[in-house]
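Enquirer: Dropping the structure in here first, questions after.
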Amino acid sequence: MPTLYNLIQGRNVERLADLSDGIFAVAMTLLVLDLHISSAAAVHSERELLSALGGLGPQWIAYGMSFLTLGIFWVGQQTQLNHFAEGALTSRGSTSALSSR
């Protein structure tokens, strides 16, 4: 006879999803900390600012690719967690059939 804990364990993935959302948010925030203009004192106009930002082109590309990669992994994990949640919902009716064997 299964205990109450065994009946409800692994059925709620919301806390795991919230934790992973936080971890992905921190990782994506840390990516932007590497983007910086080499000398902020040398920028006195918009044209100089745009020129300085344009000089960061390779870093912007690496940032964009890293951000998209993390986004793809995040979407994949959310999809996987949704499948886990759906599996837990559909298996509730079949747990009694499995435990009677």
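Enquirer: Pick from region 1-27 the residues that are among the polar types (S, T, N, Q) and assigned to a helix (DSSP H, G or I): which of them is modelled with the highest pLDDT?
Expert: That would be SER20.
Enquirer: Across region 43-68, what is the number of residues that are surrounded by 11 or more Cβ atoms within 10 Å (Cβ to Cβ) and part of a helix (DSSP H, G or I)?
Expert: Taking region 43-68 and keeping what is surrounded by 11 or more Cβ atoms within 10 Å (Cβ to Cβ), we get 43, 48-53, 55-56, 59-60, 62-64, 66-67.
From what is left, the residues that are part of a helix (DSSP H, G or I) are 48-53, 59-60, 62-64, 66-67.
Going through region 43-68 one residue at a time, the tally reaches 13.
Enquirer: I need every pair where a residue in region 43-64 that is modelled with pLDDT of 85 or more has its Cβ under 6 Å from the Cβ of a residue that is in a helix (DSSP H, G or I), sequence separation at least 6 or different chains.
Expert: Filtered contacts from region 43-64: TYR63/LEU31.
The values are calculated or read from the model by the stated rules, or taken from the named source; none is laboratory data. Because the structure is predicted, anything quoted here is derived from the model rather than measured. Glycine also receives a Cβ, built like all others from the backbone with ideal geometry; neighbour counts cover every protein chain displayed.
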